[in-house]
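Just below is one structure, and these are the notes that go with it.
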Amino acid sequence: MEEKIKSIEAKINAFAIQSRESLEQFRLQFISKKGEVTALFDELKSATAEQKKWLGKALNELKKLSEEKFRHGQEQLESTLVSKTFDGDLTLPVIPNKSGSQHPLSLTRYRIIEIFERLGFNVEDGPEIEDDWHNFTALNFPENHPAREMQDTFFVEKNPDVLLRTHTSNVQIRLMKNNKPPFRAIMPGRVYRNEAISARAHCFFHQVEGLYVDTNVGFADLKQTLYHFAKEMFGKETKIRLRPSFFPFTEPSAEIDISCLICHGKGCNVCKYSGWVEIAGSGMVHPNVLRNCGIDPEVYTGFAFGMGIERITMLRYSINDLRLFSENDIRFLKQFKPVM
Ligand code: PHE
């Protein structure tokens, strides 16, 4: 046994580790479960107690020797590999990793949030899977009323109805129901509608809705706030126009148009030769909505608005097809601001 230890020790010392292959060979021959050192440990079992004392010590040293040689060989191989990769010059700057770019919808969302935060609006969040009450009933959509069909709904469950929210107004309801006025908040988020996919529509899109409820909030506040937003978003020259409209949750209601950024009002195919482009729906919060959330409409009034982030992004960057936002085409995406 003593002889064997000596001869294996000599073999370990003489072994030249010069490549990945020889490193692996070394491991198999000496370190692995079937290796020569392990085999000696097996033999130790049949030695006498007296022999075991010093043989055990000698074997442990042999094991240590083989492991250290292995580790050393491994380190040496790795460092030659690294210097080969860098052509021997470790002072060269690293090749930068290509980072992605920010999605244009995110860039627009950040910009919208920035504008409203400066006016004192908080950002609120809420669930995308919602019950009927928060998405429709609390918002003054009467049961079985055709107004519900304005927003083609994806249902998750029927009776009681669970659905994919069709607008982020559900967050307005949750905010008003669970807190005390005044409220000044915007609600960015993804919404879903069962629409055929085309250049102008998709089965999901993104919205930012806004809500301002306090004593003495009037229509003039709505108009001035959205005028300020339009100028910040699209430039000082931008004009706005309010058109009467209908939403069950606001009264009176108005669509907000901005003067066309492409033709500046002269008429082009973006504004369909009208000089105006619609960017948002808005109105004074309906007294029933306030009541549904436990707020006294005799004391508090408010305005609300909702806009599509896709629409604003398309105007901002002259993008003509909504499908580009979700196709993940790298040629499209890499044109936007890189991630820092
Ligand atoms: N919730 C409306 C929609 O998604 C937008 C809107 C919000 C309109 C607030 C008026 C006031 O169509």
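The values are calculated or read from the model by the stated rules, or taken from the named source; none is laboratory data. The shown structure was predicted, so the numbers you read here are calculated from the model rather than taken from an experiment. Quick reminder, even Gly has a Cβ in these numbers, built from the backbone with ideal geometry, and neighbours come from all protein chains shown. Protein only, heavy atoms only, side chains kept; ligands, DNA and RNA dropped before computing areas. Shrake-Rupley method; radii C 1.70, N 1.55, O 1.52, S 1.80 Å.
Observations, loosely collected:
- Residue list for the stretch 43-70, filter: part of a helix (DSSP H, G or I), among the hydrophobic types (A, V, I, L, M, F, W, C) and open to solvent by less than 70 Å² (accessible area, probe 1.4 Å): LEU44, LEU55, ALA58, LEU59, LEU62, LEU65, PHE70
- Residue check for GLU298: acidic (Asp, Glu), on the phi < 0 side of the Ramachandran plot and not in a loop (DSSP other than H, G, I, E, B): no
- Residue match in the stretch 85-97 (condition: in contact with a Leu (Cβ under 7 Å, 6 or more places away or on another chain) and at pLDDT below 85): yes
- The set of residues in the stretch 302-321 being assigned to a helix (DSSP H, G or I) and either among the small types (Gly, Ala, Ser) or more than 16 Å from the ligand (Cβ to nearest atom) (or both) consists of THR313, MET314, LEU315, ARG316, TYR317.
- Put simply, of LEU23, LEU40 the only residue that is outside any loop (DSSP other than H, G, I, E, B), without any contact (Cβ under 8 Å) to a residue 40 or more places away in the chain and open to solvent by less than 100 Å² (accessible area, probe 1.4 Å) is LEU40.
- Residue in the stretch 143-152 that is within 24 Å of the chain's Cα centre (by Cα) and open to solvent by 20 Å² or more (accessible area, probe 1.4 Å) present: no
- Whether a residue is farther than 20 Å from THR108 by Cα, open to solvent by less than 40 Å² (accessible area, probe 1.4 Å) and basic (Lys, Arg) was assessed, and ARG174 does not pass this test.
- Residues being closer than 30 Å to ASN144 by Cβ, of a type outside the set (Ser, Thr, Tyr) and within 10 Å of the ligand (Cβ to nearest atom) - total across the stretch 221-246: 1
- Only one entry in LYS158, LYS180, LYS223 is open to solvent by 80 Å² or more (accessible area, probe 1.4 Å), under 30 Å from VAL299 (Cα atoms) and within 31 Å of the chain's Cα centre (by Cα), namely LYS180.
- Filter result for LYS33 (among the basic types (Lys, Arg), farther than 30 Å from ILE312 by Cβ and out of contact with any strand residue (DSSP E or B) (no Cβ under 8 Å at 6 or more places or on another chain)): yes
- For the stretch 193-219, the set of residues classified as away from the ligand (no atom under 11 Å from the Cβ), open to solvent by less than 40 Å² (accessible area, probe 1.4 Å) and modelled with pLDDT under 95 consists of ALA199, ALA201, HIS202, CYS203, listed by residue number.
- Residue list for the stretch 247-281, filter: in a loop (DSSP other than H, G, I, E, B), within 16 Å of the ligand (Cβ to nearest atom) and open to solvent by 30 Å² or more (accessible area, probe 1.4 Å): PHE249
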